[in-house]
1. Can you tell me the 0 to 90 degree angle between the C-alpha axis of helix 563-602 and the longest principal axis of the chain, rounded to 10?
2. Evaluate the charge dipole of the chain about its Cα centre and quote only its size in Debye, nearest 20, assuming +1 on the Cβ of each Lys and Arg and -1 on the Cβ of each Asp and Glu.
3. At a 4.7 angstrom Cβ threshold, list every cysteine in the chain that has nobody to pair with, or say none.
4. Normalising by the residue count of segment 239-295, find the relative contact order in percent from Cα pairs under 8 Å and 6+ residues apart.
5. Let me have the 222 nm mean residue ellipticity of the chain computed from DSSP H runs of 4+ only, each contributing -39500 (n - 2.57), with the sum over all residues rounded to the nearest 500.
6. Report, for the chain, the % of DSSP beta bridges that are antiparallel, rounded to 5.
7. What are the trypsin sites (Lys or Arg not before Pro) within segment 270-325 that DSSP puts in a loop, where the Cβ has at most 12 other Cβ atoms within 10 Å?
8. Between ASP251 and THR473, what's the calculated FRET efficiency when r is the beta-carbon distance and R0 is 51 Å? Round to 0.05.
Amino acid sequence: MLFFAIIVVASSLALSTSAKEDLEPTVGKICAFADFDRDKYTDLLIVNQDHIFVRLQNEDGEFKDGQDYLFIKKPNLPDYFTQENIVSCAVGDFDGNSHADILITSRRKSDGLAAAVCYLQPKVGFNCTMLGGESADGELLSDQPIVVDVNADGISDILAFVTPKDNGSPIKCFRGQNGQRKFDDCSAVFKDFNSKLNTNFPHAFVDVDDDLSAELVFGVNDSLGLEVWKREGDNEKWAVRNIINALPATDDKIKYGQPIFGDVNADGQMDILLPRCDGSNSDQACKLRDMLVWEMKTGWNPISVTVEPYKIVADGDGIVQLRIGDFDLDGFPDLVTVLKDKDDQHELFIFKNVPCDETPDCKNLSRTFKLEEKPRLIESPDISSGKKMMAAFFDLREDGSLDVLVEYETKEKVTQFNFIPCEDKGDTTFLKVEVFTKICYQDCKDSGDSGENRYGSSISWHGTSLKYTMSDTSGDQRHGVQTQMAQTSHRTLQLPYATFGLGRSPNFVDTLIVGTPSYPSGPEQKNHWTQLVPNARMYIIPPGPDGNGVHGWVSRLYMTPSRLIIQSLIVLVAVCGIIVVIIAFLHWRERKQDLVERQAQAHRFHFDAM
């Protein structure tokens with residue numbers, strides 16, 4: 001019984017060390033994720049009423065408001081840039097100074113959309129200018145712009161979408177310039193684009209043909225699906241390629257959700273998920289009919305995903321969106337979303353990626369998704385009492401274990417968000433990788449007051465592809481692939497890094513291959529690393545300029561001890577401490593008994609002496 005009590009007490013001590021206090025909710029709408037202060041912890045970009053601000057994360061997973069210069073206030077932006085009208089934010093480096101700039105898209109007063117680019121100047125603040133056009137409102141846009149790297153130079157570019165004139169191209173290209181806060185017009189690159197684009201569609205910059213160099217994937221109406229544009233030659237030339245086949249014919253009542261890019265079956269090749277909803281709903285929610293899955297080998301195939309009696313909650317524009325991430329770190333990405341029942345009660349759910357043999361409705365596929373109704377995540381009182389509107393994955397403390405960010409509406413109709421920490425994933429392992437832009441290496445100036453040099457720009461290079469291979473405990477090969485910041489519009493809220501779940505395998509990662517945007521005839525921008533320790537964060541800087549010329553590939557690996565190891569050490573220390581206390585107590589009691597016996601012996605009457 002004593003030993004059992006010791007283990008219970010020690011285990012309680014171990015578990016208590018991993019429990020976080022409830023985080024305070026933040027008023028406002030989450031707009032984007034990025035590392036603004038270059039401390040290797042992901043920060044939050046938030047819209048609240050008529051201003052935009054940054055909250056900085058520290059190593060304990062706590063958030064505080066950034067310095068004054070990290071606030072964007074009027075009159076930097078037109079007055080219609082408010083919480084109600086701002087529809088998306090994206091972070092990049094548009095002027096090549098290695099500081100995080102912001103692309104903000106808003107509805108205009110009359111019709112259409114407008115976008116602004118806000119350049120960050122450390123200690124001074126953001127300087128915002130409207131994107132394109134000669135008027136104060138900038139270019140009139142038909143859909144939300146995306147951040148890409150058209151010319152593979154590591155400086156962020158923008159693709160904006162407009163209503164075409166005289167059968168022209170609907171794409172306007174803005175190429176960022178190194179050291180200048182203005183854009184070159186690169187629209188001629190897409191002058192041959194004549195397809196009709198889908199509206200309210202998050203076009204993607206993602207590798208779909210397995211060459212580790214991102215293509216552009218557009219949603220188009222006239223070819224019933226997705227159109228892929230790929231780089232050619234070395235003169236910023238792009239051309240359409242027949243890579244993704246047309247969607248299967250369906251009835252007019254079908255409404256498509258937003259496409260999701262991820263390696264669903266963990267075979268090392270990018271897949272595409274496309275939810276299909278019953279379009280007869282009048283409440284803009286999605287009554288999920290099934291999902292289409294595109295694989296390079298088999299094309300489009302449907303999988304049955306049951307969500308009855310729930311519907312998927314759509315956002316204000318009626319966009320149905322599920323967000324992807326390996327929540328349980330088993331190597332197969334899962335989905336998170338908010339569902340509502342017939343009584344309009346909104347609840348948070350995880351769609352777990354499971355083998356198809358658990359679901360008989362699979363065809364030509366090895367994986368499907370199953371709604372996890374139990375166990376429910378433990379919500380803080382403010383989340384559970386609010387009306388949940390949106391959910392996304394986030395990694396508090398950068399410990400490799402994905403948590404959940406929930407945006408909700410209070411009873412007073414105030415929009416705010418908070419986190420559900422989800423640290424206990426068992427003894428699973430992970431590899432977390434972020435590839436920075438190549439603008440700077442060791443001479444990256446701090447965005448804060450210190451002005452000191454930092455390692456890397458801390459700005460994710462959009463379109464960078466990452467692929468890993470390892471052997472599990474049974475000797476089978478495990479694979480995974482991700483593209484960094486593949487979608488940047490319509491609040492896809494993708495994290496600026498790749499997190500690969502490695503399951504319970506203690507083995508090293510055999511190979512990690514990284515490919516940045518590049519041209520076929522240009523210098524190859526790929527590299528690989530071998531025998532990487534699991535439970536680690538890895539930061540990579542591709543070849544680029546530094547103070548002494550040009551540096552090669554640079555990487556740094558930061559190990560994160562397994563939670564089970566930490567808990568075991570805490571239990572061991574606690575058990576040893578309790579044993580020491582027990583031994584000390586027994587020793588003290590024995591000495592006290594010896595003292596009593598000696599005193600009794602001294603006072604005993606000696607009859608032999610008489």
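All of the numbers you see were taken from the coordinates with simple rules; none came from a lab. Note that the structure is predicted; figures quoted are calculated from it, not measured. No Cβ is skipped: glycine too gets one built from the backbone with ideal geometry, and neighbour counts run over all protein chains shown.
1. 10 degrees
2. 560 debye
3. Lone cysteines by the Cβ rule: CYS422, CYS576.
4. Relative CO of segment 239-295 lands at 29 percent.
5. So the helix-based figure for the chain works out to -3500 deg cm²/dmol.
6. Around 95 percent antiparallel, to the nearest 5.
7. LYS297
8. 0.60
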